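The values are calculated or read from the model by the stated rules, or taken from the named source; none is laboratory data. The structure displayed is predicted, hence computed values, not measured ones. When we count neighbours, we look across all protein chains shown, and the Cβ atoms used for this are built from the backbone with ideal geometry, even at glycine.
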Amino acid sequence: MALLLLLAACGSSATPDRVGGYVGGPVSLECAPFARALSDVRLYGPAGDWWWEAQGKYARTYTPEVGSVLVFAKTKRLRDGHAAVVSRVISNRQILVTQANWVHHRVTEDQPVIDISPHGDWSEVRVWWPPSSQMGVTDYPALGFIRASRPASHEMLAARTPGAIRIALNGD
C-alpha cells in the first residue's frame with residue numbers, strides 16, 4: 001500500500017510529525033520542486049512548461065522509465081500543469097508515480113496512472129484518486145516523459161522521497 005505523506009500546498013510552516021500513515025504539518029510544497037528534487041531533472045518554472053524547457057537538456061520520450069518525469073499539460077483544472085516522477089512501470093499502459101500536491105496537502109507514493117490515449121502514446125492519462133480509493137474519472141492531457149540524467153530504481157526513489165520533501169520545502 002502506498003504511503004501518503006500529509007503536506008500542505010502553501011501557506012505556513014511547521015515541523016512534520018508522524019500521524020498514522022501520514023507525515024504532516026502545514027508546510028509549503030508544490031509538485032515541480034518536489035519532482036525536481038526526487039528526479040534530478042533540474043528544470044524550473046511551472047511544471048506544464050517543463051516539456052519545452054527540457055528540449056536540448058534532457059531526453060524527452062513517450063515511453064515511461066523509472067525516474068523519468070511525467071509532464072501534464074496546463075488545463076483549466078491544472079493551471080500550471082503537473083509533474084510526477086515514475087516510480088514503477090507496470091505495463092506499457094500503466095505506471096506508478098510519486099508526486100506532490102495531486103491530492104492537496106499530500107505527497108503520494110506509488111499511485112497508479114494509466115494511459116488512455118487512443119494510440120498508446122501517453123498523451124492522455126487517468127490518475128488514481130486516493131480520497132476515493134479508486135481511479136479518477138477525469139482525463140488529463142500529458143506531454144510526455146523527461147528522462148533524468150542518471151538511472152533510478154524504485155528502491156532509490158523510495159529512499160530519496162523524505163530528502164526530496166526537505167529539499168523542496170527549502171525552496172530548491
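So for the range 140-149 (the condition being at pLDDT below 95 and of a type outside the set (Asp, Glu)), does at least one residue qualify? Checked the range 140-149: at least one residue is at pLDDT below 95 and of a type outside the set (Asp, Glu).
Within the bounds of the range 13-30, is there any residue that is within 18 Å of Val85 (Cβ to Cβ), modelled with pLDDT under 95 and not hydrophobic (A, V, I, L, M, F, W, C)? The answer is yes, given that some residue of the range 13-30 is within 18 Å of Val85 (Cβ to Cβ), modelled with pLDDT under 95 and not hydrophobic (A, V, I, L, M, F, W, C). Reported count of residues in the range 101-146, each being among the aliphatic types (A, V, I, L, M), surrounded by 13 or more Cβ atoms within 10 Å (Cβ to Cβ) and assigned to a loop (DSSP other than H, G, I, E, B), is 2.
Pairs linking a residue in the range 127-150 that is on the phi > 0 side of the Ramachandran plot to a residue that is assigned to a strand (DSSP E or B) and of a type outside the set (A, V, I, L, M), with Cβ atoms under 9 Å and 6 or more positions apart or on different chains, are Gly144/Arg60; Gly144/Thr61.
Quick grid of which residues meet (1) within 19 Å of Pro33 (Cα to Cα); (2) touching a Ser or Thr at 6+ places or on another chain (Cβ under 6 Å):
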position: Asn92; (1), (2): no, no
position: Ala100; (1), (2): yes, no
position: Val113; (1), (2): no, no
position: Pro118; (1), (2): no, no
position: Met135; (1), (2): no, no
position: Pro141; (1), (2): no, no
position: Arg147; (1), (2): yes, yes
position: Pro151; (1), (2): no, no
position: Arg160; (1), (2): yes, no
